[in-house]
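First comes the structure, then the notes that go with it.
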Amino acid sequence: MRWPWQRAERITTCPLPRLLVSATPGISFEAVYTLRWRPTLRLRPNLEDLVRADVHQKAAATAARWDAADLSAAQDALNAALGAPHESNRHYRILAAQVVLRLSPESRERLAQRTADTERVRRLEFLKTHLYDHPGLVVLDRLERHPGRLPDEETAALQRLARMIKGCDQWWYPLLEQWEQLGDGFSDADKQQRAMLALLNSVAALNGGSPPAAQAHVN
């Protein structure tokens, strides 16, 4: 019902989609609004622009909490937020607000690539945890993928590779981390070099006076 002193309702849409930053870095939603509102008796210039700007600002806070992959859920959350009572405004009153979200073709492609990359990293982590940390499983995996007897040379190579991967994580990587932290503790390049040499000499002393690589070469 419209009282005689009230102004007529207006319907506002967006000529172009508005961007809403999502919780996924580098990817934004495209929002198209349909707004039903009524001006108050006190008019001001560019009132329609003000209505769109205020609604878009309110939508931005909600959209930022949703990942780009959750497009439908984000749209539901936005419409729920926009359907809540709006703060009073002396220039207009929102009667209804609806938003439709979408992703641009570029954003969809970027999201698909990011999802594929994430899945690949997850698979590599799974393989490392459940396969390559156990050298014997490497050979079983090879047999399962390529049935038949493996040559002895290939079996030995696979076992060496798996042991090397496991050994690097357990020995060389922690050592290199400590090595780097030791060098970072000194601002002077000469002191950094002397600290590295002191560490090398300590390792050699633990190995009977020879660096581990040199001792292994002698053996």
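The values are calculated or read from the model by the stated rules, or taken from the named source; none is laboratory data. Model, not experiment: these values are computed from the prediction. Note: ideal-geometry Cβ built from the backbone for every residue, glycine included; neighbour counts use all protein chains shown. With ligands, DNA and RNA removed, areas are computed over all heavy atoms of the protein, side chains included. Shrake-Rupley method; radii C 1.70, N 1.55, O 1.52, S 1.80 Å.
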Report the FRET efficiency, 1/(1 + (r/R0)^6), for ASP70 and VAL121, where r is their Cβ-Cβ distance and R0 is 25 Å, rounded to 0.05. 0.75
Just to verify a number: what accessible area does SER202 come out at with the full protein assembly present, 1.4 Å probe, Å² rounded to tens? 70
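Rounded to the nearest 0.05, what FRET efficiency is calculated for ALA156 and ALA205 with R0 set to 30 Å and r the Cβ-Cβ distance?
On the way: r = 34 Å, r/R0 = 1.14.
The computed FRET efficiency comes out at 0.30.
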Taking the Cβ of ALA69 as the center, what net charge do the other residues with Cβ under 13 Å away carry, scoring Lys and Arg +1 and Asp and Glu -1? 0
For the stretch 152-163, just list the computed ³J(HN,Hα) in residue order, Karplus coefficients 6.51, -1.76 and 1.60, θ = phi - 60°, integers in Hz, with x standing in for Gly and Pro. 4, 5, 5, 4, 5, 5, 5, 5, 5, 4, 5, 5
Debye log10 I(q)/I(0) for the stretch 27-141, one point scatterer per Cα, at q = 0.13, 0.16, 0.22 Å⁻¹: -0.65, -0.81, -1.14
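Multiply the residue separation of GLN178 and LEU41 by 0.36 nm, subtract the distance between their alpha-carbon atoms, and state the gained length in nm to one decimal. Before the final figure, lay out the partial values.
Values: separation 137, 0.36 × 137 = 49.32 nm, distance 7.19 nm.
Contour length minus Cα-Cα distance gives 42.1 nm.
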Mind listing the long-range amide H neighbours of LEU19? Cut-off is under 5 Å, sequence gap 5 or more, other chains count too, H placed in the peptide plane at 1.01 Å from N. ALA31
Please work out how much accessible surface LYS58 shows to a 1.4 Å probe, ignoring ligands, DNA and RNA, in Å² rounded to 10. 70
Amide H neighbours of SER104 under 5 Å, at least 5 residues apart or on other chains, H built in the peptide plane: list them. GLU30
Among VAL203, VAL21, what's the order by accessible area (1.4 angstrom probe), most exposed first? VAL21, VAL203
Taking amide H positions as placed 1.01 Å from N in the peptide plane, with prolines and chain starts having none, which residues 5 or more places from LEU95, or on another chain, fall under 5 Å of its amide H? ARG36, TRP37, ARG38
Taking the Cβ of ALA31 as the center, what net charge do the other residues with Cβ under 9 Å away carry, scoring Lys and Arg +1 and Asp and Glu -1? +1
